[in-house]
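Just below is one structure, and these are the notes that go with it.
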Amino acid sequence: MRRSAADWLDRIRALNLPGKVRIMNVCGGHERSITRAGLRHALPPEIELIPGPGCPVCVCPEEDVYLAIQLAMGEDLTLATFGDMLRVPVNVRKSEVRSLEQARAAGANVVPVASPQEAVALARASPERRVVFFAAGFETTTAPVAAMMAQGVPENLFLLLSGRRTFPAVEMLLRSGEVGFDALIAPGHVCTVMGPEEWEAVATGHNVPAAIAGFDSESLLAAIHSVLRQVLEGRPRLENCYPALVEPGGNPVARRLLSEVMEVTDAPWRGIGTIAASGYALRPAFAAHDARKVLPDHADASRRRIGEMPAGCDCAAVVLGRIYPDECRIFGAPCTPRTPVGPCMVSDEGACRIWWSGGRRSRSGQAAE
């Protein structure tokens, strides 16, 4: 029998916790569900929920966004991308075009899309015109992009890929010597695609309790109860609290397509640096559709702060779970969803945007309740 959220809360409140327990939730979707449901206020005060590196828009390399802007502004082509990417700012002078949204306002042909197939449709509708699909995302987004490439795309469609793998960022934190959490909630959607096996290393390799969660309150609370019980027992392991979708081995078709179309590479994360084996790149067989190889390179080595967060922005520290969103120096002033300075205030998976939208609108300097 599936327990209700109220039942899980009762079970959590009945635990005799030894003191503060810090639980990192990796996924931006988890943070959105936690905030909207008010779980921080409902849980005992000893439980601290920390947003983690689960927003692909937030970590998309600044230089990739800059390249997309320059292609849209400087080349005769259509630039298609997911809607969240339009407002991500880059580090240029305020007098210059700083986002794809501004490029669009300046006359560039920038088109928001909701799926890879919409980019394919754009290319087929205008076969005489080049279409660049700027695709940023984690495994759940990158797998459909791989499927698109495997199925075959029009000759005039090119891929500017900024795909990232979730687990290597968590592993980097676990190996850093600055682990700021006692337990981990693993992302259910990533485990649905890639399988749970990789995440077992959190417990077996690093002695940190872990559980996989879905996106409703019941699954999240079940996962929280699981890791708290593991803390009390002193027996870390990975528990699957999302069995409806997460199965051993994940989705074999998605994994096969990712392997056939893409290779794993070391990759930069904005404001964080290069993380080993954390990115995807198109295999040589698809080089004719690789925008990085076919189209002009608009990199500008003279730009200042390439790859960094904007001045004053602490998004990288938020992404790594080292500070809370409202501890950022510019949270709420001047950085808001209407006037985002950093990428964490842009996407609805960004912790800063989630906290602001959830009503946390002042820089308190205090831990989340």
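The values are calculated or read from the model by the stated rules, or taken from the named source; none is laboratory data. Since we're looking at a predicted model, the values are computed, not measured. Quick reminder, even Gly has a Cβ in these numbers, built from the backbone with ideal geometry, and neighbours come from all protein chains shown. Side chains are part of the model used for accessible areas, which takes the heavy atoms of the whole protein and leaves out ligands, DNA and RNA. Shrake-Rupley method; radii C 1.70, N 1.55, O 1.52, S 1.80 Å.
By the rule of a second cysteine Cβ within less than 4.7 angstrom, the chain holds isolated cysteines at Cys27, Cys60, Cys191, Cys241, Cys313, Cys328, Cys335. Taking the 1.4 Å solvent-accessible surface of the stretch 155-300 as the whole, the part contributed by carbon and sulfur is 51%.
Heavy-atom surface analysis with a 1.4 Å probe gives the stretch 1-124 a carbon and sulfur content of 47 percent of its accessible area. Centroid-to-centroid, using Cα positions, the stretch 1-73 and the stretch 293-337 are 20 Å apart. Ligands, DNA and RNA excluded, the heavy atoms of Arg237 present near 50 Å² of accessible surface to a 1.4 Å solvent probe. Between Ala183, Ala211, Ala281, the Gaussian network model of the chain with springs among Cα atoms under 10 angstrom shows the greatest mean-square fluctuation at Ala281.
Computed from phi, the 3J(HN,Hα) profile of the stretch 267-280 under the Karplus parametrisation 6.51, -1.76, 1.60 (θ = phi - 60°) reads 8, x, 10, 4, x, 10, x, 7, 10, 4, 6, 10, x, 10 Hz, with x in place of Gly and Pro. Remark: the chain carries 42 Å² of accessible area per residue (probe radius 1.4 Å; ligands, DNA and RNA excluded). Among beta bridges from DSSP that stay inside the chain, the antiparallel ones total about 20%. The structure shown yields volume of the Cα convex hull per residue in Å³, and of the options (1) 210; (2) 136; (3) 171 that calculated value carries the label (2). Can you tell me the 0 to 90 degree angle between the C-alpha axis of helix 28-37 and the longest principal axis of the chain, rounded to 10? That works out to roughly 50 degrees.
Go through Cys352, Val193, Val170 and say which Cα lies farthest out towards the positive end of the charge dipole of the chain; charges sit on Cβ, +1 for Lys and Arg, -1 for Asp and Glu. Selected residue: Cys352. The H on the amide N of Ala136, modeled in the peptide plane, is under 5 Å from the matching H of Phe82, Ser162, each at least 5 residues off or on a different chain. Bridges between two residues of the stretch 175-330, per DSSP, are antiparallel at a rate of about 50%.
Projected label points at Arg237 and Ala125, each 7 Å from Cα along the beta carbon direction, are separated by 5.3 nanometres.
Compared with the dominant principal axis of the Cα atoms in the chain, helix 116-125 is inclined by about 20°. Centre-to-centre, using Cα atoms only, the stretch 157-190 and the stretch 221-285 are separated by 7 Å.
Rg/Rh for the stretch 281-369 stands at 1.15; both radii use Cα atoms, and Rh follows the Kirkwood definition.
GNM on the chain, C-alpha springs below 10 Å: top fluctuator among Ala244, Ala114, Ala276? Sorting by GNM fluctuation, first place goes to Ala244. Computed from backbone phi with θ = phi - 60° and the Karplus coefficients 6.51, -1.76 and 1.60, the 3J(HN,Hα) list for the stretch 337-354 is x, 6, 10, x, 9, x, x, 5, 9, 8, 7, 6, 9, x, 4, 5, 4, 5 Hz; x is used for glycine and proline. Comparing Ala37, Ala147, Ala68 in a Gaussian network model of the chain, where Cα atoms under 10 Å apart are tied by springs, the biggest mean-square fluctuation is seen for Ala37. Each residue of the stretch 228-238 was assigned a 3J(HN,Hα) from its phi angle through the Karplus expression (A = 6.51, B = -1.76, C = 1.60, θ = phi - 60°), giving 5, 5, 5, 4, 5, 7, x, 9, x, 6, 9 Hz with x at Gly and Pro. Across Ser115, Ser95, the residue with the most accessible area heads the list, and the full order at a 1.4 Å probe is Ser95, Ser115. Its DSSP H runs of at least 4 residues, each contributing -39,500 (n - 2.57), put the calculated 222 nm mean residue ellipticity of the chain at -10000 deg cm²/dmol, to the nearest 500. Note on exposure: Thr274, Thr35, Thr142 ranked by accessible area (1.4 Å probe, complete protein assembly) read Thr274, Thr35, Thr142, with the most exposed listed first.
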